[in-house]
Amino acid sequence: MLNIFISGVTGRVGKILLSKIIQEPDFRIAGGSSNATNEYIGEDLGIYNGTETLGINIVTAIQDKESIDAIIDFSAPKNSMKLLRFASKNKIPTLVGTTGFEDSESEEMIKLANYFPLLIAPNTSIGIVLIKRMMESISSELKLFSTPEIYERHHEEKRDSPSGTALDLSKELSSIGSYSEEIKILSERSGESVGEHKITLKRPNELIEISHSALDRSLFADGALEAVKWISNKTPGLYTMDDIYSS
């Protein structure tokens with residue numbers, strides 16, 4: 001049984017993760033945190049989930065490493081960095097699903113990963129992994145097309161733009177395509193969209209579109225649980241979702 005702490009437990013994905021962990025026999029909830037101004041700080045996680053009392057309250061930050069086998073973080077960059085410093089010091093395997101980090105924060109993450117297993121996952125769905133592999137499989141043919149364009153759409157409350165997934169796809173395409181021009185990313189924030197990403201390849205008289213649509217946020221929770229199970233027994237280092245499905 002894997003004891004998991006959820007950072008961002010009152011968030012959109014955090015709520016789903018909490019429910020799944022409580023129900024799954026392979027997992028146990030070790031704790032959960034949220035922003036200090038959140039109205040649910042101090043409430044029992046079981047009561048918050050609408051089930052039975054667990055005797056574990058929602059806190060503002062991890063206070064003790066005891067009984068925590070792994071951490072899943074879907075919060076905000078500043079909070080994530082504090083969490084990662086704690087995880088690095090205590091060598092707790094961690095999955096970060098948070099996006100929107102500054103370059104300096106990303107550089108610090110790389111250094112911290114020398115001391116504990118860290119999986120950075122802008123998107124925890126297998127679909128995005130497969131799209132990246134599809135692009136790799138036609139890397140030699142990409143030169144037949146003009147520089148790709150990426151479109152992404154998320155719900156209107158999503159803070160970072162472009163999305164972490166769009167940036168990840170752009171990085172992947174740039175590395176395998178060696179483009180002289182910057183890959184354009186068009187971002188849209190509207191409605192309740194869970195997440196849509198589309199890569200467009202153009203050449204004279206034809207166009208190819210490769211797209212992925214997340215239909216429900218449970219997709220990200222399921223992927224995160226698979227990923228944290230995988231990283232829980234890995235050696236210190238920096239990992240991605242690609243590593244899971246290639247091993």
Please go through (1) over 18 Å from W230 (Cβ atoms); (2) in contact (Cβ under 8 Å) with a residue 12 or more places away in the chain; (3) surrounded by fewer than 22 Cβ atoms within 10 Å (Cβ to Cβ); (4) more than 19 Å from the chain's Cα centre (by Cα) for T10 and return the number of the only condition it doesn't satisfy.
(4)
Considering only region 167-193, state which residues are part of a loop (DSSP other than H, G, I, E, B), surrounded by 15 or more Cβ atoms within 10 Å (Cβ to Cβ) and within 19 Å of the chain's Cα centre (by Cα).
S193
Residues that are under 30 Å from S180 (Cα atoms) and in contact (Cβ under 8 Å) with a residue 12 or more places away in the chain: list the strands (runs of 3 or more DSSP E) wholly contained in region 67-146 that include at least 1 such residues.
117-120
Condition check: touching a strand residue (DSSP E or B) at 6+ places or on another chain (Cβ under 7 Å) and either in the same structural domain as K158 (by TED's automatic domain parsing) or under 25 Å from P236 (Cβ atoms) (or both). Does S88 satisfy that?
no
Of the conditions (1) at pLDDT 95 or above; (2) surrounded by 15 or more Cβ atoms within 10 Å (Cβ to Cβ), T60 satisfies every one except a single condition; which number is it?
(2)
Please work out which residue is farthest from the chain's Cα centre (by Cα), limiting yourself to region 157-166 and to residues that are among the hydroxyl-bearing types (S, T, Y) and closer than 17 Å to T200 by Cα.
S163
Residue in region 203-223 that is farther than 30 Å from P117 by Cβ and basic (K, R) present:
yes
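The values are calculated or read from the model by the stated rules, or taken from the named source; none is laboratory data. Given the structure is predicted, the values throughout are model-derived calculations rather than measurements. Positions of Cβ are backbone-derived with ideal geometry, glycine not excepted, and every protein chain shown enters the neighbour counts.
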